[in-house]
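A.B. asks: This structure is in structure tokens; I'll ask about it shortly.
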Amino acid sequence: MKKLVLLCACLAWIGATHATDAAAPASTSRETSEPKTLKERLGDKASDEQRVDNCHVPADRRGTKVRPDTCAH
């Protein structure tokens, strides 16, 4: 019985190892090898729902939420 449990555990471990290797992307492109800058990770200011004003956001990208247009800072 112990041998059967050990065999099943080994097979599950090997299967999981192969599954994670197959799921990992094999690309070596520049985008995946270099870390993104903070600005690239944060994204576009116009798409930020938590922004408090429309400072430096183009008028066509401001969205429907009403925000002040003045820049206090």
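A.B. asks: For the subset of segment 28-43 comprising residues that are assigned to a loop (DSSP other than H, G, I, E, B) and at pLDDT 70 or above, which member is nearest to G63 (Cα to Cα)?
C.D. replies: Going residue by residue through segment 28-43, those that are assigned to a loop (DSSP other than H, G, I, E, B) are 28-29, 34-37, 43.
Then drop every residue that is not at pLDDT 70 or above, which leaves 34-37, 43.
Numbers: E34: 32, P35: 30, K36: 27, T37: 26, G43: 16 Å.
Filtering segment 28-43 for residues that are assigned to a loop (DSSP other than H, G, I, E, B) and at pLDDT 70 or above, the one nearest to G63 (Cα to Cα) comes out as G43.
Residue by residue, here is whether (1) in a loop (DSSP other than H, G, I, E, B); (2) modelled with pLDDT of 80 or more; (3) charged (D, E, K, R) holds:
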{"site": "L6", "(1), (2), (3)": "no, yes, no"}
{"site": "H18", "(1), (2), (3)": "no, no, no"}
{"site": "A26", "(1), (2), (3)": "yes, no, no"}
{"site": "D53", "(1), (2), (3)": "yes, yes, yes"}
{"site": "H56", "(1), (2), (3)": "yes, yes, no"}
{"site": "P68", "(1), (2), (3)": "yes, yes, no"}
{"site": "C71", "(1), (2), (3)": "yes, yes, no"}
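The values are calculated or read from the model by the stated rules, or taken from the named source; none is laboratory data. Source: prediction; values computed, not measured.
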